[in-house]
1. List pairs: first in region 313-331 and part of a helix (DSSP H, G or I), second surrounded by 12 or more Cβ atoms within 10 Å (Cβ to Cβ) and modelled with pLDDT under 95, Cβ under 7 Å, 6+ apart or cross-chain?
2. Need the failing condition index for Leu275 against (1) modelled with pLDDT of 95 or more; (2) not assigned by TED's automatic domain parsing to the domain that holds Arg21, just the number.
3. Check off (1) farther than 26 Å from Leu276 by Cα; (2) hydroxyl-bearing (Ser, Thr, Tyr); (3) not assigned by TED's automatic domain parsing to the domain that holds Ile217 for Thr156 and give me the number that stays unchecked.
4. Keeping to region 163-183, report how many residues are farther than 19 Å from Thr226 by Cβ and surrounded by fewer than 22 Cβ atoms within 10 Å (Cβ to Cβ).
5. It is to be established whether one or more residues within region 122-141 are over 22 Å from Gly174 (Cα atoms) and assigned to a helix (DSSP H, G or I).
6. Quick test for you: out of Arg208, Arg171, pick the one residue that is among the basic types (Lys, Arg), outside any helix (DSSP H, G or I) and assigned by TED's automatic domain parsing to the domain that holds Thr255.
7. If I filter region 69-88 for residues that are of a type in the set (Lys, Arg), more than 14 Å from the chain's Cα centre (by Cα) and farther than 25 Å from Arg274 by Cα, do I get at least one hit?
8. Regarding Gln326, is this residue exposed (fewer than 15 other Cβ atoms within 10 Å of the Cβ) and under 20 Å from the mean Cα position of the chain (by Cα)?
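The values are calculated or read from the model by the stated rules, or taken from the named source; none is laboratory data. What you see is a predicted model; the values in this text were computed from it and never measured. FYI the Cβ positions are ideal-geometry reconstructions off the backbone, even for glycines, and counts take in every protein chain you see.
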Amino acid sequence: MRRVAVITAGADAPGMNAAIRSVARRSFELGYDVLMVKDGFEGLVRGDVEIMNKKMVSGILPLGGSILGSSRVGAEYAVQNLAKIRDALTRNNITTSVIIGDRSAVAVAEVFDANGFPCVVIPNTIDNDIFGTDFSIGFDSAITTISDALDKLHTTASAHHRVMIVEVMGRQSGWLALYGGLAGGADFIAIPEQPVPIETLAAHLKQRKEEGKDFSIVVVAEGYPTGTHEPGPAGRPVAGYGLAEALSSLTSLSTRVTVLGYLQRGGSPTVFDRLLATRLGFAAIDAVREGKSGILVGETSQHIAYTGLREVMTQPHTVPAEVIMQAKTFY
């Protein structure tokens, strides 16, 4: 008899509930018990584990966030609490953990695997920075939010003839900035994969002004190196304000900064993310049925792919150079 624990961990992203639903529905179909762990790995350490039934996953497909709650911890936390984790897994007769989350969740899953705790990971992060899948659950929802925000910012930028600098999430990855910026018609996109001198951006904006374009939208990834502004909350650089300061010193253009922040992680998942979550959740339980462990379940070229956790953590997942080259046609 298999008893599968479902854990949502790391930063929340749209589609988590869709993945939970898929994992549960496929498990029920195969006759497996499903146990829900509250509040991620912190909940597991507390022993906050309950049996799940079909009613609990009814109607959650379109919901944002996670009905289980989440917590963001790293590998060190798991190592420090290894005995408590082992006790919770043993006491509840858990045979495999299905972990839905971001890179920090993958790091903890590595600790599970190294200590003989069977686990399968489903990539769920708006940052799309996890190797082993073309797209992570939540990414499409986030770029839809970014695109919608840029549509709205265009009107106010036009009315006041301003440069609107829009900072998006993504940590050291430019996926959100590039895809969201392209979809929203940005006039310049600044990503960590290919930083450009601030003088290049300033010259681009001045040229637009000379061509009669009296406003511009600049999208910048939060991890973009500007080197001109103090770190913000959690020690992260505030790229948007750093870019605004630098541009103000080089141009006479009026700039305003919009930091989209947690809006990108909220709301109902898009159709794409619901379908991706459904596919990966189903595939995760099929991997459990086949006895697989220590893997991430992703989708590459529309096919399900299994990747070892060590490879997931050591290989980068950055924006392809050819996509960046194509994007430059539009700014």
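1. These pairs meet every condition: Ile324/Glu193; Ile324/Gln194.
2. Only one criterion in (1) modelled with pLDDT of 95 or more; (2) not assigned by TED's automatic domain parsing to the domain that holds Arg21 is unmet by Leu275, namely (2).
3. Of everything listed in (1) farther than 26 Å from Leu276 by Cα; (2) hydroxyl-bearing (Ser, Thr, Tyr); (3) not assigned by TED's automatic domain parsing to the domain that holds Ile217, Thr156 misses just condition (3).
4. Number satisfying all stated conditions: 2.
5. No, region 122-141 has no match at all.
6. Arg171 is the lone residue from the list that is among the basic types (Lys, Arg), outside any helix (DSSP H, G or I) and assigned by TED's automatic domain parsing to the domain that holds Thr255.
7. The answer is yes, given that some residue of region 69-88 is of a type in the set (Lys, Arg), more than 14 Å from the chain's Cα centre (by Cα) and farther than 25 Å from Arg274 by Cα.
8. So Gln326 fails the test.
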